Amino acid sequence: MPGIYSVTQINNYIKNLFSRDFCLQRVTVKGEVSNCKYHPAGHIYFTLKDENAAINCCMFKSSTPGLSFRLSNGQLIEASGQITVYEKGGTYELYVRSAVLSGTGDLYERFLRLKNELEEMGMFDAVYKKPIPQYAGRIGIVTAETGAAIRDIVNVSLRRNPYVDLYLMPCLVQGENAAKDIAAAIRRIDACGMDVLIVGRGGGSIEDLWAFNEEVVARAIFECRTPVISAVGHETDFTIADFVSDLRAPTPSAAAELANFDFNIFESQMEGYRQGMERILSHRLNVAKANLAAGKARVNAAGPFERLNRMRESIPDITEKMEMILSGKIGRLQSKNELLTQRLSVSMNNKLLECRHRLMMDAGKLDALSPLKKISGGYGYLMSEKGAVRSTSDVNSGDRITAFVCDGKIIGTVNEVIRG
């Protein structure tokens, strides 16, 4: 087969060799299903593997009606079909016409066993699920430093919210030490005060994703104080990390969508809220202005100036009424005063006459009792050095006495006292 050939010619030649091989046209292969994907067109793409090798498989839509179960990762199946060359990629594949279950693979059994154990412990219970914050400003990412996952998360995050802060905690995402590295990265970034964490990687086979099926990773997610979104593989891939996390995203891009709020929508909402508040405030301000105007009118109507004006207007009437009232009171008082004056005058005259008459009577009595009047009638009175002499006991023989008469006094000495 000398000469120079194109890639297409070589691939066609190899495909013809496969098609002429009778054994490759009717073959049954036993293996564990991995990296299973259902295409929207109805085809199923997956890998069959054993402990040493793997082969790509495709089951076209025309063959799927005969499938009695749903293909999923970890199943052990016997797939029948033909092996042919995919010319465009230069690879050979098994075109599966039928498949039957043969059991479950070792990895899938380990997956189910750990899933059941953790579920019995309650680590998947909804009561432990933390809510994802609606407006996250600090997002932590636990994934490989390079690869499609981190690029998709960053691109989607910045598209939705250009002001978000993204913090990458790089780690291994597959391999022997990947599980411990992922758990350590989760614990480190959990202590950094993030609003939410995205933990995951891009798609792959069950072997590629196995680190996220390890118990050490599950416990790190369960013990994490920060809400965790798992983003492992593609939509059809399920891992233990998906069940224990607070929210599962079908892809890393979808995790970024769930973790970030859309800033444009947020701005539109804030603008709507601002306009709504302005309308409410404007309405309330107008109502307040109307109430104020009505209040001013009531105040002016009942205020001191209006009352003063009304009082000023009523002053002449009040003055006239007061003058009439005072005039009547003064007239009545004058009449009463005149009457009282007359009564007082009559009373005083009567009292004066009564006093004069009593005085005359008392003067007559006093005159009759006056010692001077008696003296003028031939009477007199005696005084000794000790005082008035009223009795013979008031004097003794030899005492000096004075006799008072109407026109003078007589001084003498007692010669003898004759007592009754």
Notebook entry, point to check: So which residues in the stretch 226-260 are more than 22 Å from Pro131 (Cβ to Cβ), open to solvent by 40 Å² or more (accessible area, probe 1.4 Å) and either among the charged types (D, E, K, R) or outside any loop (DSSP other than H, G, I, E, B) (or both)?
Noted result: Glu235
Next item on the list: Of the conditions (1) surrounded by 14 or more Cβ atoms within 10 Å (Cβ to Cβ); (2) modelled with pLDDT of 90 or more, Leu107 clears all except one; give me its number.
Entry: (2)
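Given the structure, is Glu78 closer than 21 Å to Ser205 by Cα, in a strand (DSSP E or B), of a type in the set (D, E, K, R) and open to solvent by less than 30 Å² (accessible area, probe 1.4 Å)?
Taking the combined requirement at face value, the residue does not satisfy it.
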Check: For Ile44, are the conditions met, namely being within 60 Å of the chain's Cα centre (by Cα) and touching a residue at least 12 places away in the same chain (Cβ under 8 Å)?
Finding: yes
Item checked: Tally of residues being open to solvent by less than 80 Å² (accessible area, probe 1.4 Å), assigned to a strand (DSSP E or B) and charged (D, E, K, R) across the stretch 17-33 -> 1
Note to self: Ile14 - would you say it is part of a helix (DSSP H, G or I), modelled with pLDDT of 85 or more, of a type in the set (A, V, I, L, M, F, W, C) and surrounded by fewer than 18 Cβ atoms within 10 Å (Cβ to Cβ)?
What the structure shows: yes
Next item on the list: Look at the stretch 122-148 and say how many of its residues are in contact with a helix residue (DSSP H, G or I) (Cβ under 9 Å, 6 or more places away or on another chain) and part of a helix (DSSP H, G or I).
Entry: 2
Note to self: Conditions first: (1) open to solvent by less than 100 Å² (accessible area, probe 1.4 Å); (2) at pLDDT 85 or above; (3) within 60 Å of the chain's Cα centre (by Cα); (4) not aromatic (Phe, Trp, Tyr). Ser314 passes all but one, so which condition is the exception?
What the structure shows: (2)
Next item on the list: Can you run down the residue pairs with Cβ atoms below 7 Å, 6 or more apart or on separate chains, where the first is in the stretch 20-31 and more than 16 Å from Val85 (Cβ to Cβ) and the partner is open to solvent by less than 90 Å² (accessible area, probe 1.4 Å) and of a type in the set (Ser, Thr, Tyr)?
Entry: Thr28/Ser80; Lys30/Ser102
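The values are calculated or read from the model by the stated rules, or taken from the named source; none is laboratory data. What you are looking at is a predicted structure, and each value in this text was computed from that prediction instead of being measured. Methodologically, a virtual Cβ is constructed for each residue, glycine included, from the backbone with ideal geometry; neighbour enumeration extends over all protein chains shown. Protein only, heavy atoms only, side chains kept; ligands, DNA and RNA dropped before computing areas. Shrake-Rupley method; radii C 1.70, N 1.55, O 1.52, S 1.80 Å.
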